[in-house]
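Remarks on the structure that follows.
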Amino acid sequence: MICLKIPPVLKKMHGIFEQHGYSAYLVGGAVRDMLMGKTPSDWDVTTNARPEEIIQIFHKVIPTGIAHGTVTVHFMKNEIEVTTFRTESGYSDGRHPDHIEYAATIQDDLSRRDFTMNAIAVNLADGTVVDPFGGQNDIRHEIIRTVGKPSERFMEDGLRPIRAIRFAAQLKFSIEKDTYSELFKAEIQKKAAGISVERFRDEMIKLLKAEEPSAGIKLLEETHLLDIFMPEFRPCVQCIQGDGRGFHEFDVMTHLMYACDGAPKDKLNVRLAALLHDIGKPQAKNIKTENGAELYTFYNHEQISEKISRPLLARLKFPNALIDNVCHLVKNHMFNYEPTWTDAAVRRFLVRTGYENFEDLIDLRLADIYGMHRIPLRLHDSPAGKLLLELKDRIEVEHEKNSALTLKALAVNGKDLMHAGIPAGKTVGKVLNYLLETVLDDPAQNTKDTLLTIAQNYCQNMQKACSE
Ligand code: ATP
Ligand code: MG
């Protein structure tokens, strides 16, 4: 019989359950991780104690999902999700379980779980493994298989097809043949279309944190589940961009997926930006002929990409700050640094993109380059890498100089201008922007006297131009 080593915190927790006459098991991702030799990141426990009983026997219990029989127990500095044994509850609206039915045994509880690898429990009393559906064998063979018939399990909850794909990417497993073919069925797709966007989004976030999200995005695309939640990507599939110049080996969709792989896995914003940065290319695509050769152009695709990304991310209910940030990165991903840039040009770039976004823009550029041929760019010994490093150095220099890069950092403000006789209203705003442009060109001008003089001259010239 297989036994797993139970961590001290769970042993202690089990002691309390046992004292009160209950049993408790470790379930979910933690069991999967332990069987795969990984360190679990959080604990899911299941028990025959009811939520109200759990609240009685532990000091700090938060009723996080009491409608599903789940509470969070704060125990020895850990937050442990504890769910009472349940049977399948059904999500007829795709959003909320209709009702909870408690189960009597751990076997009944495991039978309502989605995949065999997720239907394994470890008895916290002695570490023995309960595995009624061959989950360990499937983990060993790296296979995702539903517990029971895939058609039935997918029809019970439309999130499960998405979870199958998320797990495939996250664990680098393949989806068992019958489970996989079910993903293409019309009724399953319809069921998936009924789930809440929040549930889809949360799976998408987990998928985007995988080593290679492309494995999952490819599955979403080929099963057409992508069309349900993010139809904006469809024109990117087969949109050819390689025109013999060697920049692009892949169609736009494939490039986007691989660019996403090339972004840092702990930066959700950059992963999203990488996935979306060229989504406007199909709309921007044009063909021009140069020296008899046909070349593709995608002028302004970054603006179109931003326009498409914003409603897409809003529809999936990503937080507004994240949407703004991702859209900003998408819109600014096409910078083309050359050593001939003047310091003023570097400052203007900094004003446009924001110092706080610079690392992310570099990461996005590296992701973009990775997505062209699936080869990482060597920053220190490639011409493109060296250029990025040079820009980074120059940005740091400008940043450290503390040059005025915003209206706020000017040596004068609106009040000063009005004191000096500049008419209140629109003119003040215009003059301030002109002064910022001046200071960006030459930071030495950023003193009160100089700027007031420049402002007065500028106004006089404006008035003259108006009266002529
Ligand atoms: P991770 O924590 O990495 O997302 P996990 O397997 O722990 O992976 P959770 O979403 O935390 O996934 O769910 C815990 C367990 O609950 C799963 O392992 C599975 O047994 C069960 N489960 C979760 N969602 C579903 C679902 N939609 N249908 C059936 N069982 C589910
Ligand atoms: Mg979990």
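The values are calculated or read from the model by the stated rules, or taken from the named source; none is laboratory data. Everything quoted here is computed from the prediction, not taken from an experiment. Don't worry about glycine lacking a Cβ; one is built from the backbone with ideal geometry, like all the others, and counts go over all protein chains shown. Side chains included, ligands, DNA and RNA excluded: accessible areas come from the protein's heavy atoms. Shrake-Rupley method; radii C 1.70, N 1.55, O 1.52, S 1.80 Å.
Tabulated values for the structure
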{"read-out": "Sequence-distant residues sharing a close amide H with residue 295 (under 5 Å, placed H)", "value": "288, 289, 290"}
{"read-out": "Rounded, prolate or oblate (a/c below 1.5 giving rounded, otherwise prolate when a/b exceeds b/c) for the stretch 235-401 by Cα gyration tensor", "value": "oblate"}
{"read-out": "Set of lysines near residue 267 by C-alpha distance (under 17 Å), chain-local residues within fewer than 8 positions excluded", "value": "206, 209"}
{"read-out": "Size of charge dipole - the chain - debye, nearest 20, with Cβ of Lys, Arg +1 and Asp, Glu -1, no other charges", "value": "500 debye"}
{"read-out": "Compactness index (Cα Rg / 2.2 N^0.38 Å), the chain", "value": "1.27"}
{"read-out": "Partner lysines for residue 288 [C-alpha distance under 26 Å; skip if fewer than 8 residues away on the same chain]", "value": "307, 331"}
{"read-out": "Cα centroid separation - the stretch 281-297 against the stretch 60-74, whole Å", "value": "58 Å"}
{"read-out": "In the stretch 148-202, the chymotrypsin sites (Phe, Trp or Tyr not before Pro) that fall in loop regions by DSSP, at most 14 other Cβ within 10 Å", "value": "184"}
{"read-out": "Top positive-direction residue, dipole computed over the chain with Cβ charges, set 78, 263, 277", "value": "277"}
{"read-out": "Per residue value of the accessible surface for the chain (all protein chains in place, 1.4 Å probe), Å²", "value": "48 Å²"}
{"read-out": "Amide hydrogen neighbours beyond the local backbone of residue 115, cut-off 5 Å, H modeled", "value": "147"}
{"read-out": "Residue-averaged [θ]222 nm for the chain, counting only DSSP H segments that reach four residues, each worth -39500 (n - 2.57)", "value": "-15000 deg cm²/dmol"}
{"read-out": "Unit charges at the beta carbon, dipole of the stretch 407-467: most positive-side option, 420, 458, 407", "value": "420"}
{"read-out": "Normalised convex hull volume, the stretch 407-467, alpha-carbon set, Å³ per residue", "value": "74 Å³"}
{"read-out": "Hz values of 3J(HN,Hα) by residue in the stretch 11-25 - Karplus curve (6.51, -1.76, 1.60), Gly and Pro given as x", "value": "4, 4, 4, 4, x, 5, 4, 4, 3, 9, x, 10, 10, 8, 9"}
{"read-out": "Whether the stretch 222-283 is rounded, prolate or oblate, judged on the alpha carbon gyration tensor where a/c under 1.5 counts as rounded", "value": "oblate"}
{"read-out": "Nonlocal amide H pairs with residue 175, under 5 Å, H built at 1.01 Å", "value": "144"}
{"read-out": "The chain - percent of accessible surface contributed by carbon and sulfur, probe 1.4 Å", "value": "52 percent"}
{"read-out": "Whole-Å distance, taken between Cα centres, linking the stretch 430-465 and the stretch 391-412", "value": "18 Å"}
{"read-out": "Reachable aspartates and glutamates from residue 12, criterion Cα separation under 18 angstrom, eight or more residues apart if same chain", "value": "42, 44, 53, 79, 81, 126"}
{"read-out": "Table column - 3J(HN,Hα) (Hz), the stretch 235-244, Karplus curve with 6.51, -1.76, 1.60, x for Gly and Pro", "value": "x, 6, 5, 6, 7, 6, 10, x, 10, x"}
